[in-house]
């Protein structure tokens, strides 16, 4: 997969989607990211790209790191944040080719946040995009490492793909819609929702290991 092209395509789609929103819509809180408005999500994506370029990666992915990105742009007009993102993207998009594996995090992040925004403004779409497919591959890699650490194996069947993750013989097999899997892998689904998937085996031991971020306490229906 050409991660640079996928990032660019997704970034442009988010820019076009949010540039046409009213201030009221930009101030809508996203159910998938409590405490963050639509404009805050874009500020985070812009700040994350800027931090990567400048090497400001201490605490990357943590709450303090992402909160600083949002706070630094809180008083900045949305169109100026979009312009900043376009500027830093001109450096980051070519860097995917031959870049470190950690850059996969940026693909997973931008794809998930596109759908966080879409959920907030109720404009679903692009659920089978290249960003969804690439992000799924990135995040299943993270889940694989978590399962190995717990000495558990899991088989996932989704769409036309199948993964055997973790260590040893899979203790369970789950079949799930690709978009539902994608959203759960980043903590956008609850244990109750995950339990409703088609399981062959006990799902409960996997709830803390199915996602690169903790699963939600409450359901998120999109």
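Take 133-146, 178-191, 52-65, 116-129 and order them by the average number of nearby Cβ atoms within 10 Å per residue, most first; the result is 178-191, 133-146, 116-129, 52-65.
With both residues required to sit in the chain, DSSP beta bridges show an antiparallel share near 75%.
Between the Cα long axis of helix 104-121 and the first principal axis of the chain there is an angle of about 80°, rounded to the nearest 10.
The long axis of helix 130-149 is offset from the longest Cα principal axis of the chain by roughly 50 degrees. Helical content of the chain, expressed as a calculated mean residue ellipticity at 222 nm, amounts to -16500 deg cm²/dmol (DSSP H runs of 4 or more residues, -39,500 (n - 2.57) each, divided by residue number, nearest 500).
What number in nm² do you get for region 3-121 if you take the convex hull of its Cα atoms and divide its surface by four? Kindly include the intermediate steps, with their values, before the conclusion.
Numbers: hull surface 26.0 nm².
Mean orientational projected area (region 3-121, Cα hull): 6.5 nm².
In this label model, residue 167 and residue 204 are separated by 2.3 nm, measuring between points 7 Å along each Cα→Cβ vector.
Net length available on complete extension from residue 53 to residue 137 is 27.9 nm, with 0.36 nm assigned per residue and the Cα-Cα distance removed. Using a cut-off of under 19 Å, list every residue of region 28-63 whose amide N is near the label point 7 Å from the Cα of residue 12 along the Cα-to-beta-carbon line. Residues 46 fall inside that zone.
Centre-to-centre, using Cα atoms only, region 70-93 and region 168-218 are separated by 34 Å. Can you tell me the orientation of helix 78-95 relative to the chain, as the angle in degrees between its alpha-carbon axis and the longest Cα principal axis, to the nearest 10? Roughly 60 degrees, rounded to the nearest 10.
Computed packing ranks the peptides 44-51, 98-105 as 44-51, 98-105, most packed first, by mean other Cβ atoms within 10 Å. Computed from label points 7 Å out along Cα-Cβ, the spacing between residue 148 and residue 71 is 3.7 nm.
Every number here is computed from the coordinates shown, using simple stated rules; none is lab data. Just so we're clear, the structure is a prediction, and the values are computed from it rather than from any experiment. Note that we place each Cβ from the backbone using ideal geometry, even for glycine, and neighbour counts take in every protein chain shown.
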